[in-house]
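What follows is calculated from the coordinates using simple rules that are stated; it is not laboratory data. Just so we're clear, the structure is a prediction, and the values are computed from it rather than from any experiment. Here the Cβ is made from the backbone with ideal geometry for all residues, glycine too, and neighbour counts use every protein chain on show.
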Amino acid sequence: AGEVQKNLLPLEVFAKGRVTAGGICLYCDETGGDYYDILHLDDNEKKIGVVVGDVVGHGIGAALLMTTVRALLRCRISQPGDLGRIMDDVNRLLCQDTIKHGNFVTLFYLQVDCDNESIAWVRCGHEPAIVYFPVTDRFSELSGPGMSLGVIPEGGYQRNEIPLAADPHLILIC
């Protein structure tokens, strides 16, 4: 089960133009509910998505819920729509499985659009991402409202957006 779950995580670092994305996941058990993914959102890879999530609990149950979230998100993100609405749809479907048992998932979804030179994100109960600007030695956060996924069917998730900075910067999502 642990090997199958690890094979669902990205195996390579994404690098194209100004964007490099990668991650690592270290489970405290053989399986778990930690999740990250790098999604290629168009053919020319000028728009990518980075997702980091954490399912409540450990072990096989958390791993199964993580794979459900992964499938729901990958399926819905491939369809058109605002990021807030996309997360509303994922949440509504996830609630059908979680609401009876009190399971939930925190998730941070970041989308980099090199054509529009923008960064958009949705927070679903997850910690804000930290942005570091080495040229100015300055930190900021990508925050915003958002309930964990799987808690209540009415999500109300909001898309946040900022311009893609000209200077190099590092975004850390834990």
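For segment 72-131, what does the relative contact order come out to in percent, with C-alpha contacts under 8 Å and a separation of six or more?
Working: 45 pairs, mean separation 16.2, N = 60.
Value for segment 72-131: 27 percent.
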Summing -39500 (n - 2.57) over the DSSP H runs of n ≥ 4 in the chain and dividing by its residue number, what mean residue ellipticity at 222 nm do you reach, to the nearest 500 deg cm²/dmol?
-> -7500 deg cm²/dmol
State whether segment 24-174 is rounded, prolate or oblate according to the following rule on the C-alpha gyration tensor (a ≥ b ≥ c being the square roots of its eigenvalues): a/c under 1.5 gives rounded; otherwise a/b larger than b/c gives prolate, and the remaining case gives oblate.
-> prolate
Placing one equal point scatterer on each C-alpha of segment 115-174 and summing with Debye, one gets log10 I(q)/I(0) at q = 0.28 Å⁻¹ equal to -1.20
Positive minus negative residues near L164 (Lys, Arg vs Asp, Glu; Cβ under 12 Å) = -2
Given the C-alpha centroids of segment 145-171 and segment 27-106, what is the distance between them in whole angstrom?
-> 14
Number of Lys pairs in the chain closer than 27 Å at Cα, excluding neighbours under 8 places apart unless interchain, is 5
Net charge near N103, counting Lys/Arg +1 and Asp/Glu -1 over other residues with Cβ under 13 Å of its Cβ?
-> -1
Please work out the Cα convex hull volume for segment 83-142 and give it in Å³ per residue.
-> 85
Got a sec? Which residues in segment 83-113 would a label at S143 touch, if it sits 7 Å along Cα→Cβ and we count backbone N under 18 Å?
-> 107-109
Label point at Y132 placed 7 Å out along Cα→Cβ; residues across segment 143-174 whose backbone nitrogen lies under 17 Å = 167-174
